[in-house]
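Below is one structure, written out as structure tokens; comments come after it.
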Amino acid sequence: MELSPLFLPALLLILIPDVFTHRTAAQANSTNATLFSCSSDTSPVHPCATFVLYRTQPGYTDLAHISDLFGTSSQIIQEANGLPSESITFLLGQLIAIPINCGCTGNRSFANVTYWIASGDNFYLVSTRQFENLTDYLTVEALNPGAKPNELKPGQAVLVPLFCKCHDEAMAERGINYLMTYTWAAGDDLSKLSKELNSSAEEIRAANNNRDFSAAVYKPILVPVAEKPRLAVLFYNATSSSDGGRRGKFHKKDIILSSIISAASAVVICTLLVLACCKVSPNKIVARTTSNLEGVRELLSPRKLAPSKNQALSPRAKGNKVLAGVSQFIEKPAMFDFKSIMEATMNLSSAYWIEGSVYQATLDGEVYAIKRAKGIDVAEELNIFQMVNHTNLIKMAGFAVHEDGVCFLVYEFAENGSLDKWLFAKASSSDSVSCLSWRQRLNIALDVASGLQYLHEHTRPSIVHGGIKSSNVMLDAHYKAKISNFSKAKPATVGLRPSADVFDFGVLLMELLSGRRDCVEERESGGTMWREMRAVLGVEEKGERLRRWMDPKLKGLYPADGAVTVAGMARACTREDPAERSRISEIVFGLTVLAQSCSDAFDRAWAASSEETMAITDVVAR
């Protein structure tokens, strides 16, 4: 329902007293533990698709910031709520449905999202204010054992477990397909709420163990429903032009009255904001636009100098979260001077050669990786890079074109080179590299999965990379993995689906486990690594069988159950039927839980054995 500009400030005055009610009542962890408990023996199959219901509040009144908070995409929330656009602005206090994947972690049902700590945050405030009691601070602390509650730092990433639950077979027989999580508000009435959410009072009581709802204020409850919720959402779209240009043409009385009401609203809002200590993100989300590339030279406005360190390649400000790793602005790459690149590489001297057609060059004081290609082959890759920007995707700084058609693509430089050099290095190799630890391998897998999740779910249309393999995974100075080589990347079509990337990622997981390279040429003959994995996990003694299959360079310093879990993920990714393969979001969820629960004992043992390994040296041009 779209509202006029005059109606917005007037309604704000009505809604403000209820919207800003302080929702920081004590959180009852014992009740939540019972209501959202799960067991691998008796619970439904996890993860399952369901929803949490969230009320818009200052700082979270547009899809960009709300999707950022919940680690999903604006498009997914837009479609779930039947909204006409991704660029709308909600009124305060509007109830919207957030799609989540609910999983069973230990004996509790959660949907884990990553939250980046801001100045002044603590676990209690994050739980009660930002996430409106859809979680509780004790559970957040328990899931982040490495984070000290009294020493949280801005920019620190923590896992926030949202309470959720999957419906069981008995519910499905009664027509219930979702159990939505809703925070009971002061003044809620069970009869009215059941009608608003298209449920029934009896089903809500049964799903919540017949609890006393008068004692459930500011606590999460379960709402069983048969279908996706269709909520009556009030919003104001300041950028819509569907009214034929009427917006902005108001009578003088309307303008004066609107100004008076807006001023009064502003005074009330500012006062309550101070009292509530609400934090509003200072940055606006800028809508991404794409353009068709008709030629490399005509693609972008030329800039002869490389971008400075504070521009395209600067780290994202740690407090500004946009899709949990997506840079806020997607800038056009710069036009580099062709002659400068040739001088920086001494006419592509072997002294600056890295591998393939890639060279190292220092331009304007910055070190870059330079890839030589034909101009006709790079137009699509440039187009893809205009559409994406994520911390786990290699960044393109710019390009240079020569009159004879030779083109140089300029990328950020990854100090530790490609992943294959670390996984498959021979003991006799002249490159002095150390073996990757179990934690490093887990983090690399999570990085790659996060980059793929962005390509598959946070771009429009979805993008299929088409070449996920260890040689196309680059490691920076801190071993953060970045997906590179987008020469085969294309928008998803009927004949090219994200499930192809999921299969390749499953093979990459197997390489991380085994330390052996998968032979692509042998896939059609059946002698492939993914078939080996099926055989390993298809026996009763799979733990022992997998131990013999694991990379001996790990020296057994990894959790056996963790290795079995990752192997199971790899098998789920490489099913022959693409429709049966796991979604990359499910893999990100599982790897996140594993990475967070990885014991420090293995790190200490690995550090103690590091004297027996060769020293690490940075990858440099040779």
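The values are calculated or read from the model by the stated rules, or taken from the named source; none is laboratory data. What you are looking at is a predicted structure, and each value in this text was computed from that prediction instead of being measured. Note that each Cβ is placed from the backbone with ideal geometry, even for glycine, and that neighbours are counted across all protein chains shown.
Figures for the structure shown
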read-out	value
Search result, residues across region 476-490 that are more than 19 Å from the chain's Cα centre (by Cα) and either surrounded by fewer than 21 Cβ atoms within 10 Å (Cβ to Cβ) or farther than 21 Å from T391 by Cβ (or both)	D476, A477, H478, S487, K488, K490
Residue in region 453-461 that is at pLDDT below 95, assigned to a strand (DSSP E or B) and of a type in the set (S, T, Y) present	no
Selection count where residues are of a type outside the set (D, E), in a loop (DSSP other than H, G, I, E, B) and touching a residue at least 60 places away in the same chain (Cβ under 8 Å), scope region 468-484	4
Residue match in region 97-116 (condition: modelled with pLDDT of 90 or more, assigned to a helix (DSSP H, G or I) and farther than 30 Å from K153 by Cβ)	no
Scope region 56-75; condition crowded, with 18+ Cβ neighbours inside 10 Å and outside any loop (DSSP other than H, G, I, E, B); matching residues	Q57, Y60, D62, L63, A64, H65, I66, S67, D68, L69, F70, S74
So D420, is it within 22 Å of L348 (Cα to Cα) and surrounded by fewer than 18 Cβ atoms within 10 Å (Cβ to Cβ)	no
Odd one out for R547 among (1) in contact with a Gly (Cβ under 6 Å, 6 or more places away or on another chain); (2) of a type outside the set (A, V, I, L, M); (3) modelled with pLDDT under 90	(1)
Condition check for T128: more than 27 Å from H456 (Cα to Cα) and in the same structural domain as L222 (by TED's automatic domain parsing)	yes
Among residues of region 168-210, those that are more than 35 Å from the chain's Cα centre (by Cα) and touching a residue at least 24 places away in the same chain (Cβ under 8 Å), counted	1
Helices (runs of 4 or more DSSP H) lying entirely in region 136-238 (those with 3 or more residues that are of a type outside the set (A, V, I, L, M) and under 23 Å from L92 (Cβ atoms))	190-196
